[in-house]
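S.K.: One structure follows; several queries about it will come next.
The values are calculated or read from the model by the stated rules, or taken from the named source; none is laboratory data. Quick caveat, the model's predicted, so the values are computed rather than measured. Quick reminder, even Gly has a Cβ in these numbers, built from the backbone with ideal geometry, and neighbours come from all protein chains shown. Calculation scope for accessible area: heavy atoms of the full protein, side chains included, ligands and nucleic acids excluded. Shrake-Rupley method; radii C 1.70, N 1.55, O 1.52, S 1.80 Å.
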Amino acid sequence: MNVDISFFILPFLLFPFRYYLVQSKWQSLLLGFSLLVIAYHSIWAMVIAVLLSFLVFVVIKKFKKFKWITLIVIVLGFIFLKSGLSGILLLGYAYYSLQLISILIIPSKKVHFFDILLGTVFFPRFFSGPILKHNQIILTSDINKDLKEGSLRLVLGLCKIFILSNRLDFMISGYFEHSAEINNGLLALLSSLLFTIQMYLNFSGFTDIAIGLARVLGVELPENFDLPLRSKNISEYWRKTHITLINWFTQFVFYPIVYKFKSVPKFALVLGIFSVFILSALWHNFQFGFIVWGLLNAFFIVLEYFIKSVNKIPRFLGFLYVLFVVTFSNFFFKLGDLQNIRQSLKTIYQVNFLPQNFMADVVAILGKGGYLEQQYHLLETLVLLLLFLLFEKSINRWFKSNNYPLLLIFTGLYLLFIFGNFAQNNQFIYLQF
Amino acid sequence: MEQEILHQLQKIFQNFFKNESLLINYETNSKDIVLWDSFHHVQLISIVEEKFKIKFSVFELADLNNVGDLVNCIQQKLA
């Protein structure tokens with residue numbers, strides 16, 4: 001799916017109506033507009049989202065005894081789509097299905113179809129989350145503040161994706177598209193590391209865009225990331241990454257399991273954590289690589305619970321530990337299917353770790369492709385990346401504050417114009433889930 | 001009644017986290033207490049259930065975001 005420029009521009013055309021419409025009519029406009037945006041990309045996605053929302057509404061309102069059957073229907077729909085049997089990629093299903101399941105299990109006291117539908121189809125969050133708690137839309141009230149802060153957040157997201165993530169995509173494709181042909185293990189390691197960073201920037205960037213657009217339109221979305229690459233252990237990393245997904249699995253998988261087996265706490269802990277990560281892996285995709293990714297993350301979190309000294313290592317070592325574990329698990333995440341993984345591991349096993357010629361066997365491969373053919377562009381990308389990661393906390397603070405919003409917006413747009421890479425493929429990684 | 005519930009929770013928290021000097025208020029949440037993660041949250045709530053002789057639905061646990069939420073929930077269940 002290509003998300004074209006209208007996705008970002010049209011909400012601003014809607015914005016003036018906020019001043020003139022009462023809240024109920026404004027929400028109706030948001031709902032109508034969201035349905036149009038989704039239908040523009042996929043009519044089927046819009047139809048299924050509306051039908052499923054209606055089904056859940058009817059069950060909650062009139063047929064409560066069918067809620068568990070409805071839940072099973074939603075899960076079967078999910079399995080059907082993920083297994084590839086449908087041949088149709090139903091946009092957003094993986095995200096809004098979790099929201100609908102949550103309100104089936106814990107319905108609120110007053111249930112309106114309009115509220116359920118708006119929570120499901122609200123377009124900034126429809127395609128890649130964040131996942132709303134209890135499918136609830138939270139409205140804001142300060143129109144001018146919303147425009148400033150929403151725009152800032154949107155520009156930050158655009159910069160993360162088009163300046164950094166897209167450039168990194170060229171670099172990592174040099175290895176991952178030809179993983180059977182490398183002659184050194186260092187390239188595999190560096191490519192996995194860069195993929196880890198690229199995936200974070202891409203997904204958190206899209207989350208920034210979603211939060212920014214929603215804010216402009218008067219809706220507050222929950223945060224999905226909290227500087228996870230600065231974590232000092234894997235448990236902390238997963239408290240700060242894809243927060244809304246992990247919170248959902250914590251509420252509906254981890255808590256029930258640990259509560260059920262509370263008389264055997266160690267067993268409950270291990271079962272709970274492995275269940276969360278295996279289900280989370282399957283939520284992403286039904287491929288061997290994702291399950292290995294899930295198992296690895298679960299293993300290290302459990303290890304940290306039982307070996308407390310892991311949490312006492314110096315911060316810098318912790319940072320390296322997290323980077324290593326996450327990079328290692330993301331290697332399997334990226335490769336996905338068993339054959340790819342087998343071939344890549346076989347190749348890595350056969351070659352030396354260090355390259356014979358660093359420039360030809362590592363730099364040239366990473367720099368390969370379109371915009372980054374020259375080493376200068378590779379260096380430029382790495383410098384931009386390093387600057388961003390070192391100052392990310394401060395950058396986030398500037399772009400979330402109200403100080404000098406116009407200056408920041410224009411600076412961001414200027415940097416986007418100078419350094420941005422607007423290739424069409426692989427724009428938003430988490431759209432595929 | 002809220003104050004009484006908070007006072008009792010104070011003792012429960014101090015015993016559970018093995019910190020006699022731990023002080024909690026209505027805004028205290030898991031970010032304020034290092035060991036208060038998801039796993040310990042379930043164990044803590046189990047102890048609260050025993051002490052107050054109430055029962056939480058397992059799906060309510062995620063909505064207890066701070067001590068204030070816990071106090072309100074206990075108050076409702078005792079009423």
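S.K.: Take the alpha carbon gyration tensor of region A:48-112, find the square roots of its eigenvalues, order them as a ≥ b ≥ c, and report rounded if a/c is under 1.5; if not, report prolate when a/b exceeds b/c, else oblate. All intermediate terms of the calculation are to be shown ahead of the outcome.
M.R.: Details: a/c = 2.41, a/b = 1.98, b/c = 1.22.
Judged from the Cα gyration tensor, region A:48-112 comes out prolate (a/c at least 1.5, a/b above b/c).
S.K.: Taking amide H positions as placed in the peptide plane 1.01 Å from N, state which residues far from A:V219 in sequence (5 or more) or on other chains have amide H under 5 Å from it.
M.R.: A:T140
S.K.: At 222 nm, what helix-only mean residue ellipticity would chain B give, in deg cm²/dmol to the nearest 500, using -39500 (n - 2.57) for each DSSP H run of four or more? Don't skip to the answer; put the middle values down first.
M.R.: On the way: 3 runs with 42 residues, N = 79.
One gets -17000 deg cm²/dmol as the mean residue ellipticity at 222 nm.
S.K.: Here is a further query. Arrange the residues A:M199, A:M171, A:M359 by how much accessible surface each exposes, largest first, with a 1.4 angstrom probe. All intermediate terms of the calculation are to be shown ahead of the outcome.
M.R.: Values: A:M199 20, A:M171 0, A:M359 90 Å².
Correct descending sequence by accessible area is A:M359, A:M199, A:M171.
S.K.: To continue, here is another question. Quick check: net charge around A:N202, other residues with Cβ under 15 Å of its Cβ, Lys/Arg +1 and Asp/Glu -1? Numbers along the way, then the final one.
M.R.: Values: positive: A:K160, A:R167, A:K334; negative: A:D169, A:D208, A:E392.
That sum, taken over residues with Cβ under 15 Å, equals 0.
S.K.: How charged is the neighbourhood of A:S401? Take every other residue with its Cβ under 12 Å from the Cβ of A:S401, and add Lys/Arg as +1 and Asp/Glu as -1.
M.R.: Cβ neighbours under 12 Å give a net charge of +4.
S.K.: With each pseudo-label sitting 7 Å past Cα toward Cβ, what's the A:K262-B:E27 distance in nm, one decimal?
M.R.: So the two model labels end up 2.9 nm from each other.
S.K.: Can you list the aspartates and glutamates whose alpha carbon is less than 19 Å from that of A:K312, not counting same-chain residues fewer than 8 positions off?
M.R.: A:E236, A:E304, B:D32, B:D37
S.K.: Follow-up. Tell me the net charge near B:Q14. Cut-off is 15 Å between Cβ atoms, B:Q14 excluded, with +1 for each Lys or Arg and -1 for each Asp or Glu.
M.R.: Numbers: positive: B:K11, B:K18, B:K51; negative: B:E20, B:D32.
That sum, taken over residues with Cβ under 15 Å, equals +1.
S.K.: Determine the calculated [θ] at 222 nm for chain A from helices alone, applying -39500 (n - 2.57) to every DSSP H run no shorter than 4 residues and normalising by the residue count; nearest 500 deg cm²/dmol. Walk me through the numbers on the way to the answer.
M.R.: Values: 21 runs with 285 residues, N = 433.
Computed mean residue ellipticity for chain A: -21000 deg cm²/dmol.
S.K.: Shifting gears a bit: Each residue of region B:43-51 in order: what ³J(HN,Hα) in whole Hz does its phi give by Karplus 6.51 cos²θ - 1.76 cosθ + 1.60, θ = phi - 60°, with x for Gly and Pro?
M.R.: Values, residue by residue: 5, 4, 5, 4, 5, 4, 4, 5, 5 Hz.
S.K.: Further question: Pick out which of A:S165, A:S42, A:S231 has the largest mean-square fluctuation in a Gaussian network model of chain A, springs linking Cα atoms closer than 10 Å.
M.R.: It is A:S42.
S.K.: Excluding residues on the same chain fewer than 8 positions from A:K262, give the lysines whose Cα lies under 25 Å from its Cα.
M.R.: A:K308, B:K11, B:K18, B:K31, B:K51, B:K53, B:K55, B:K77
S.K.: Moving on. Can you sort A:I48, A:I101 by solvent-accessible area, 1.4 Å probe, largest first? Don't skip to the answer; put the middle values down first.
M.R.: Details: A:I48 45, A:I101 15 Å².
From most exposed to least exposed: A:I48, A:I101.
S.K.: Another question about this same structure. Restricting to DSSP loop positions (anything but H, G, I, E, B) with no more than 16 other Cβ atoms inside 10 Å of their own Cβ, which GluC sites (Glu not before Pro) remain in region A:149-248? Intermediate values should be presented prior to the final figure.
M.R.: Working: sites: A:E149, A:E177, A:E181, A:E220, A:E223, A:E236; in loops: A:E177, A:E223.
Qualifying residues, ordered by number: A:E177, A:E223.
S.K.: Right, next: Ignoring ligands, DNA and RNA, what accessible area per residue does the protein assembly as shown give at 1.4 Å, in Å²? It would help to have the intermediate numbers written out before the result.
M.R.: Values: 24530 Å² over 512 residues.
The answer is 48 Å² per residue.
S.K.: Residue by residue, what Karplus-based ³J(HN,Hα) values in Hz, rounded to whole numbers, does region A:122-130 have, using 6.51, -1.76 and 1.60 with θ = phi - 60° and x for Gly and Pro?
M.R.: 3, 5, x, 9, 5, 7, 9, x, x
S.K.: Out of A:F176, A:F12, A:F195, any idea which swings most in a Gaussian network model of chain A, alpha carbons joined below 10 Å?
M.R.: A:F12
S.K.: Among all stretches of chain B without exposed GluC sites (Glu not before Pro) (DSSP loop, at most 11 other Cβ atoms within 10 Å), which one is longest?
M.R.: Working: sites that count: B:E20, B:E27.
Free of exposed loop sites, the longest segment is B:28-79.
S.K.: While we're on this one: Quick one: Cα centre-to-centre distance for region A:31-90 and region B:40-57, in angstrom?
M.R.: 36
S.K.: To check my understanding: the extent here is largest minus smallest coordinate of the Cα atoms along each principal axis. What are those three numbers for chain B, in Å, largest first?
M.R.: 30, 25, 21
S.K.: How big is the accessible area of A:T347 in square angstrom, nearest 10, if you roll a 1.4 angstrom probe over the protein chains?
M.R.: Accessible surface of A:T347 is approximately 10 Å².
S.K.: For chain A, which DSSP H helices look membrane-span-like by this rule: Cα extent along the axis of 20 Å or more and mean Kyte-Doolittle of at least 0.0?
M.R.: Values: long enough: A:23-41 (27 Å, 0.69); A:43-61 (27 Å, 2.71); A:67-82 (23 Å, 2.10); A:143-159 (24 Å, 0.34); A:185-216 (46 Å, 1.33); A:265-284 (28 Å, 1.65); A:288-306 (27 Å, 1.82); A:315-335 (30 Å, 1.54); A:375-390 (22 Å, 1.81); A:405-419 (21 Å, 2.41).
Helices passing the filter in chain A: A:23-41, A:43-61, A:67-82, A:143-159, A:185-216, A:265-284, A:288-306, A:315-335, A:375-390, A:405-419.
S.K.: Let me ask something else. Averaged over peptide A:260-267, how many Cβ atoms belonging to another chain are found within 10 Å of each residue's Cβ?
M.R.: Values: counts 2, 1, 4, 1, 0, 5, 0, 0.
Per-residue shielding by partner chains comes out at 2.
S.K.: Sticking with this one: For a test of the definition: using alpha carbon positions, the gyration tensor, and the 1.5 limit on a/c, classify region A:277-424 as rounded, prolate or oblate. List each step's numbers first, then the result.
M.R.: Details: a/c = 1.80, a/b = 1.24, b/c = 1.44.
Verdict is oblate for region A:277-424.
S.K.: While we're on this one: Could you tell me which of rounded, prolate or oblate describes region A:114-224, using a ≥ b ≥ c as the square roots of the eigenvalues of the alpha-carbon gyration tensor, with rounded for a/c under 1.5 and, failing that, prolate when a/b is larger than b/c and oblate otherwise? Before the final figure, lay out each step's value.
M.R.: Values: a/c = 4.06, a/b = 2.34, b/c = 1.73.
Taking the square roots of the gyration eigenvalues as a ≥ b ≥ c, region A:114-224 is prolate.
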